[in-house]
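Since the structure comes first, as C-alpha cells, the remarks are kept for the end.
A short reminder: the numbers here are calculations on the coordinates, not readings from a lab. Note that the structure is a prediction, hence the values are computed from the model and not measured. Heads up, the Cβs are rebuilt from the backbone with ideal geometry, glycines too, and the neighbour counts pull from every protein chain shown.
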There are 4 protein chains.
Amino acid sequence: MCRWLAYAGTPVLLDDVLYKPAHSLIDQSLRSKLGVETTNGDGFGVGWYGLEGHGEPAVVRDIGPAWNNRNLREISSHVRSHMFFAHVRASTGTAVQQTNCHPFRHGRWLWMHNGAITDFARLRRDLCMAVDPALFASIEGSTDSEVMFYLAVTFGLDQDVPGAVGRMAGFVERLGKEHGVVHPLQMTVAVSDGEQLWAFRYSSLGQSRSLFYSSRPQQVRELHPDLAFLRGASDDTRLVVSEPLGDLPGVWNELPESSYTVCPSGEKDYLPFWPEPV
Amino acid sequence: MCRWLAYAGTPVLLDDVLYKPAHSLIDQSLRSKLGVETTNGDGFGVGWYGLEGHGEPAVVRDIGPAWNNRNLREISSHVRSHMFFAHVRASTGTAVQQTNCHPFRHGRWLWMHNGAITDFARLRRDLCMAVDPALFASIEGSTDSEVMFYLAVTFGLDQDVPGAVGRMAGFVERLGKEHGVVHPLQMTVAVSDGEQLWAFRYSSLGQSRSLFYSSRPQQVRELHPDLAFLRGASDDTRLVVSEPLGDLPGVWNELPESSYTVCPSGEKDYLPFWPEPV
Amino acid sequence: MCRWLAYAGTPVLLDDVLYKPAHSLIDQSLRSKLGVETTNGDGFGVGWYGLEGHGEPAVVRDIGPAWNNRNLREISSHVRSHMFFAHVRASTGTAVQQTNCHPFRHGRWLWMHNGAITDFARLRRDLCMAVDPALFASIEGSTDSEVMFYLAVTFGLDQDVPGAVGRMAGFVERLGKEHGVVHPLQMTVAVSDGEQLWAFRYSSLGQSRSLFYSSRPQQVRELHPDLAFLRGASDDTRLVVSEPLGDLPGVWNELPESSYTVCPSGEKDYLPFWPEPV
Amino acid sequence: MCRWLAYAGTPVLLDDVLYKPAHSLIDQSLRSKLGVETTNGDGFGVGWYGLEGHGEPAVVRDIGPAWNNRNLREISSHVRSHMFFAHVRASTGTAVQQTNCHPFRHGRWLWMHNGAITDFARLRRDLCMAVDPALFASIEGSTDSEVMFYLAVTFGLDQDVPGAVGRMAGFVERLGKEHGVVHPLQMTVAVSDGEQLWAFRYSSLGQSRSLFYSSRPQQVRELHPDLAFLRGASDDTRLVVSEPLGDLPGVWNELPESSYTVCPSGEKDYLPFWPEPV
C-alpha cells in the first residue's frame, strides 16, 4: 500500500508540511509506522494548486523513493500552496512508472488513493469497460487507483463528489461480488478540485487503512503553545494523513470507518459514507 | 516512430551487432537517416534468448536514450545470443516508461514494432476489448504496439504466426474503417519464439516504414572479403533492420511492401503478407 | 556541448520562455541548429530565484532528455520568476547524472556553462587542487563546468564577478599551456546571484560557441507589434541564449568574442572580457 | 551503510543466489536485519566475470531500489557466473547516482564496500591527492568507497591485495588521526580480479560492520540434506555476505574482527588483517 497527505487552508511552503514534521510523509516513505509496509519507496508524487488560481494543478511524480529525491526537496522549498497532495507509493507488483504514481489529475481534479481492489487483475477489464469510453484513452497506467478515479469521474465527480465516489465504490462492490470476491474494496481516497478537499475512508471488511485529520489550528495552539506547526494557519486549515505526522496528543483524530470529511468543513468534522448501488 | 533490429543465426556478442557497425542501432538512436525522426531517445530495449535454450527470453528496457546508457553497453559486451531484438524508441506523446518500451514479451514470445495505428486514442478501447479477456491484465503500458501484440496472441500466434499477424492487421483495418479512419495501420513488426524470427512490413497506404534484411553471409563475404561483420556467421544467419547498419553495396535488401520474411528462411527470401478479414 | 538560456527581468511563467517560442530551448534539446550536436538529450536542469526573494535559488535537474520530461513541463507551467536559468546537456562521455547537470548552485549563486576545457581528464587534478580546500568537498560531479564554477568562487566571485571569471579563465589558460594544451578553454558561461545576470563568451582560439542576447523589449515590440513574446516586459528585461529562440530579425544580437554582458545592463550592451593572469 | 554479497565457485545463475534465498540480498534491500539501516534503497549494482574468461567484468548499476528493479531480475535469470558481486546501497547523503553505486571497476578489478571514512567531507581532498595522479581522472563519483578503491590500486593492488588494502587502511588511519578524527575507518570490503576473491573486515574502533562467510558446501549438505542452496557446488565454492541469507544453523560463520578471507581459500578460512603504516 502507500502513505499520503492532503493539505487545505492557509498557503504554506510545501516543505513545512512535507519535511519539517517529526514523522513527516518523507519520513514515512522510509519508516512508516501504521502502513502495511514499512517502506514506501516505489515512486512518489506531489500535486498542488497555484495561488494564482488557474484551475489546473501541477503534478510532479517520479519513480524513485521520495526520501532521496533532490528535486522534490527543491520544489518543496520554493512552492507555496493552499491546497496540495503528496503520496509515497509501495507497489504490490504493479510496474514502477510515473503513470502509476499518485496523485492522478483530470482537468482541475486531483485524486490519490491508498488501498486496493481485491483481485484487481481479474476485475480490471470489466472495471475499465465501465469507464466512460470518452475517458478510456486517458488511462495511462496500470493501477486500480487510476481506474477508480476515472470511474468516479464517469459516475459524476463534477456534479457530486461523495455521490460519485459512493457509486464508484458501489460498482466495485457489485462487480467484485459477481466475480466471487468476498471483500472487493479497501480504500482511503483524497480528491480535490482546488477549492474543496474530500477524504474518504471505507473498506468492504470494515477494517480500513488508517486515516487521520488534524484538529483545528486554534485548538492545536492552545494544547501546544510552542509548536511551530500550523502556527499562523487559519482555523479552517486542515490536514488529512494516512498516519499522524507526530505523536502530540490532541492534534490528530482518526476518521471513523465508513465516513468522509470535507475541507473547508461545515458543522460536522465528518459525515457517513456508504457505497451506492449502481 | 522508432528504429529496431532483429538478429537470428550464429551466436554473437550483442556488442558486435548493436555497437560495432558504422551506422549501428545505437548510432541510429542519435541520428537516424530513414526514420520519421532523427532522434530515437525516448527509451530502448533489448531482448535475447539464452544459449541454454530455456524458453523465456530476457528483456532489459530503460526509459533514457540508448546512446548514453552504460548498462546496455555492459550487457552487450557480455551477452551472446543466437536470437535477439533491440529497439530504440521515439515517442509521439505516449508516456516514456519501461512498459512502453519494446520488445514486449509474452511467454516465450518477443514482439517489437515500428509504426502506428492511426487515431489510436480513439480506437484504443475497442482494440483492448478485442484482446482475449484472459490476456487483458497482461497489458501494462499504453502503446498501440503492445495492444497489437496481444491481439496477435489472441488471434493464434502460438499456432500460426503469419496468420495471427494477418488477422491482427485485418482487425485493425476493419475497426479503423468502421471509425472512419482512412489508413488505419502502418507497421513493421518483428516477432520470435526463440527458434524462428518473423518480420512483417505493411501499411494501409502501401507506403510502409523502411525495412531491410541482410544478404546471406557467404554473399557478403564474397562482396567484401575484408569485412569483419558477419564473418564466421552460418549462411542462414540474418539481420532484419529498420535501416541499414552501413552503406556497403550488396549487404542490405529492402523488404518489399506487404511482405514478410522468416529466419531461418526457406527457398524464398520473403513471402507476401496481407491482412486477413476477421 | 550543450545549449542554455538565461532570463532576467519582468517575472514570467517559465513556460512562456522555455516552451512557447518557435525554436525554444526544449526544441533545441531535440534539434539544435548552431550547436556542436543536434541532440542535447543527456540531462537538463532549470534554476530559478523565488519572487519572495530569499537568496537560495531552486534547482531541478534530471538525467533524461528535456523534451519528454513531464515534470519540467509541469514546473514551467506553474512557476514564475524574474531570474532563471535553463540548460540542456550533450555529454561528451562524462557520466549522465544529476550532479553533472547544469545549473550548479553554491549559496545564492547559479552557474551554467557550454563549452569545454581541452584535455580536461589530464588537467582535472591540478584544476581541482586549485579550488579552495574548504570548497573541495562541494564538488559532487565530474564535469569541467563544475570545477570552473568552484574556481570562480575561489577567485572571488562574491566580490567581483567579471574579475573572478577572468581569473578562472586565466588560470585554465596558464595551466593548460603548462601541460602543452594549445587552446585550453572554450566557454560561454552564465552566472547570477539573483539580482544580476552575467554572461561571458570566450575561447582561447577566438572561435567561441554561439551566444546571443535579446534586444530591448521596446525595440522588439516596434519591430514586431503582433509578437506575444516579451510583451509586457520591462525594458531592462533580457534573455541570453546559446542560439536564437526564433528567426525574427532584430530580436537577437550576437555577443561578440571575448566579451560579457550584465543584466540589468548599464549604458553598454556588453563589455570586453579577457582572462586575467593568476 | 549498505549490504553486499560476493560469490566465488561453481558457476550459478545469479538468480539462485540473489533472489532465491529466504533472506536474500534483494530482501535485505527492503528489510535488512543487521544493517545500520533497515532499508537499502539508494541504488544497487551487480558485477560479474564472464565464463569465457576475458578479463573485464560486466558492471550493471542503477539508482533506484533493487527490490523493484525488473532489469536486475531479468539479468539474474539469464546470466551465469563463477565470480560475482552484488551491492545494495543506503546513502548517508551522498548523491544517488550510478557512479556512486557499487561495485566499482578498474581494469579486471571489482571492488565494493560497506562502511565509511569518518568525516570524509573533511578528509576527501587529501585522500584524493594521495591517489596516483594517473588514476585521478578515473574517479567519477563522490563516495569514500571509490576513493578507497583507487587508493588501494595506488598502493599496489595488482601486486599484493592484502598489502595494498592494508596500506590504504593505514593511510586513512594516519590521515584521519592527523585531522583529529578518533576512529577514522569502518569497512567491510570485497575485491576480486576474476580468479580470486578477497574480503576484509576492519574498523578503527574494533566494532566492524557484520560480515559472514559460508561453510563448505559438503558440510552444508551434511547438515541440511534437503537444502537446494549450494547443491552441486564444488567444495571451494564460497559466499561472503554482509548478513546471512537465511537462519540455517551451521551455514554461516562470522568473519572475525581485523581479518580477511580469500576464495579459493588455503588451509585457513581466514587470516589476520591490520592496517600498514604508509
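Before moving on, here are some points about what is shown:
- Label point 7 Å beyond Cα along the C-beta direction, distances from C:K268 to other copies (nm, shortest first): 7.5, 7.5, 7.7
- Its DSSP H runs of at least 4 residues, each contributing -39,500 (n - 2.57), put the calculated 222 nm mean residue ellipticity of chain D at -7500 deg cm²/dmol, to the nearest 500.
- Alpha-carbon centroid distance for the pair the range D:68-129 / the range B:116-136, whole angstrom: 43
- Cα-centred dipole magnitude for the range B:3-272, charges only on beta-carbon of K, R (+1) and D, E (-1), debye, nearest 20: 400
- Distances between copies of B:P249, taken at a point 7 Å out from Cα along the Cα→Cβ vector and listed shortest first: 4.8, 8.0, 9.3 nm.
- Taking C:L135, C:L72, C:L25 in turn, the Gaussian network model of chain C (Cα-Cα springs below 10 Å) assigns the largest fluctuation to C:L135.
- Average Cα contact separation per residue, the range A:1-125, under 8 Å, 6 or more apart, as relative contact order %: 34
- Scanning chain D for the Cβ atom closest to the axis that brings D onto C yields residue and whole-Å distance D:Q97, 2.
- The alpha-carbon atoms of the range A:164-224 define a convex hull whose volume equals 94 cubic angstrom per residue.
- Against the rule of thumb 2.2 N^0.38 Å, how large the Cα Rg of chain A comes out: 0.94
- For A:L197, residues with placed amide H under 5 Å, excluding near neighbours: A:C263
- Dipole of the range C:3-272 computed with +1 at Lys/Arg Cβ and -1 at Asp/Glu Cβ about the Cα centre; of C:P217, C:A95, C:P133, farthest Cα towards the positive end is C:A95.
- Relative contact order computed over the range C:3-272 (Cα-Cα under 8 Å; 6+ residues apart), in percent: 20
- Distances between copies at C:P225, taken between label points 7 Å from Cα along the C-beta direction, are 6.7, 7.6, 10.0 nm in increasing order.
- Computed log₁₀ I(q)/I(0) - Debye formula, equal Cα scatterers, no solvent, the range B:104-204, q 0.13, 0.20 Å⁻¹: -0.39, -0.97
- The range A:41-187: C-alpha gyration tensor shape, a/c 1.5 cut-off, then a/b vs b/c: oblate
- Using only side-chain charges placed at the Cβ, +1 for Lys and Arg and -1 for Asp and Glu, the dipole size of the protein assembly as shown relative to its Cα centre rounds to 0 debye.
- Kirkwood estimate for the range A:1-123, i.e. one over the average of 1/r between Cα atoms, Å: 14.6
- Charge dipole (debye, nearest 20) of the range D:1-160; +1 at Cβ of Lys and Arg, -1 at Cβ of Asp and Glu: 400
- Estimated distance in nm for a label pair at B:D126 and A:K268, the labels positioned 7 Å out from Cα along Cα-to-Cβ: 4.7
- Computed over the protein assembly as shown, Kirkwood Rh from alpha-carbon pairs, angstrom: 31.5
- Centroid-to-centroid separation of the range C:158-184 and the range B:185-214 [C-alpha atoms, Å]: 56
- Radius of gyration and Dmax over the Cα atoms of the range D:146-278, both given in Å: 16.4, 55
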